[in-house]
Each structure stands twice: as structure tokens, then as C-alpha cells.
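The values are calculated or read from the model by the stated rules, or taken from the named source; none is laboratory data. As the structure is a computational prediction, the values presented were derived from the model and not from experiment. Virtual Cβ from ideal backbone geometry, glycine too; neighbours counted across all protein chains shown. Areas reflect the complete protein model, heavy atoms only, side chains present, ligands, DNA and RNA absent. Shrake-Rupley method; radii C 1.70, N 1.55, O 1.52, S 1.80 Å.
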Amino acid sequence: MKNVTIATAIAVSALASPVLAQNNTDFSGVKATAIAGYDNIDLDIVGVDNVDGFLYGGSLGYDFQAGNIVYGVELEATESTGKISNTAGRIEVGRDLYAGGRLGYVVGGSTLLYTKAGYTNARSSSPGLGGANGDGVRVGAGVEFNLSEKVFARGEYRYSNYEDGVSRNQGLVGLGVKF
């Protein structure tokens, strides 16, 4: 009986070790994320509809974790396919650069709920007339899931407000890796 108990304890330990090794509660460290989603730009021009497009790009960041609180910094570069044409001409929405911070709270072990805020700079152009940059502020909220120790997925909504009344609403998903 003693041998059966020892053998059972060893077997349970061997089977439990891989499960215990899958600790997906750590959100700290360097991250790289590929992102894609919906982009809607309100150019605040009378008679011109909002510009819709596909958003794609990437971000780099570093998060710190203290208990269930996560805070960090992010840099991001995206591009949009948004274009609109009317009798006045054509407007194309291009790249968007972002630098900001985020603050979150870990719930359920491998899930992070977060908010973000920072500086954003977007570029729009009109073929033949040139382009313009717009400085602004971005705020957003999202959820991030650790899929494994090194891989995570994210969903996010964000709002950007630029100079001259231009604003932007974006919904995106991301897949990233931690280093």
C-alpha cells in the first residue's frame, strides 16, 4: 500500500507540473503587437462624409506589473486605407503615429482590462494638393488575454481628437509576443 501511495504521488506530481508551469498571469516585459481593425475619420468638413477604412500596423511597448496593477508605455505606427472622393477632389487618410501610456487591472488571472491615453499625429493628403499632419490626443480602453507565457491577444476601442475638429474612432484586434 505504501508503494502505491508513493507511486500515485509521483504520477500526480509529474502530471501537475506542466499545468503549474503554464503561468499566464504575468503581463510585464517588452511587447510587440500586430494590429488590424476598423478606422472611421470625421474630417469636420461640411458636405463630406466620414472616411472609413481598414487600419493596420504595429506597436512596441513595455509593461510593469505590481500585484494586479499593470502600467506601461507604448509606441505605435499604423496606416489606413481610408479614402473619399467627391466633386471637390479626393482625400486619403494615411499614417498615424502614437506615443502614450496605459494602466490596467488583471482579472481572472490571464485577462487584463486597461485604459490608455497619449499623443497622436495623423497624416492626410489630397493627390495633387499635398498633405497635412494633425496633432492630437488619443484615449482608449481594451482587454488583453495571455494565450501562453509569450503570446497574447487584444481587443481595443480608441478615440482620437486632432486639430481643426478632426476626430477618429477605431476598433481593433491585435496579436502579440512578449520578449
For the range 53-95, the count of residues that are aliphatic (A, V, I, L, M) and without any contact (Cβ under 8 Å) to a residue 24 or more places away in the chain equals 2
Does Glu149 satisfy the criteria of being on the phi < 0 side of the Ramachandran plot, open to solvent by 20 Å² or more (accessible area, probe 1.4 Å) and part of a loop (DSSP other than H, G, I, E, B)?
yes
I'd like to check something: does the range 153-162 contain any residue that is part of a strand (DSSP E or B), farther than 29 Å from Asp49 by Cα and open to solvent by less than 40 Å² (accessible area, probe 1.4 Å)?
yes
Test result for Asp96, of a type in the set (Asp, Glu) and open to solvent by 60 Å² or more (accessible area, probe 1.4 Å)
no
Kindly establish whether Phe54 is open to solvent by 30 Å² or more (accessible area, probe 1.4 Å), at pLDDT 85 or above and closer than 18 Å to Tyr159 by Cα.
yes
Picking from Gly128, Gly67, Gly134, the residue that is touching a helix residue (DSSP H, G or I) at 6+ places or on another chain (Cβ under 6 Å) and either open to solvent by 20 Å² or more (accessible area, probe 1.4 Å) or under 13 Å from Leu43 (Cβ atoms) (or both) would be Gly134
For the list (1) small (Gly, Ala, Ser); (2) modelled with pLDDT of 95 or more; (3) over 18 Å from the mean Cα position of the chain (by Cα), I need the number of the one condition that Gly72 fails.
(3)
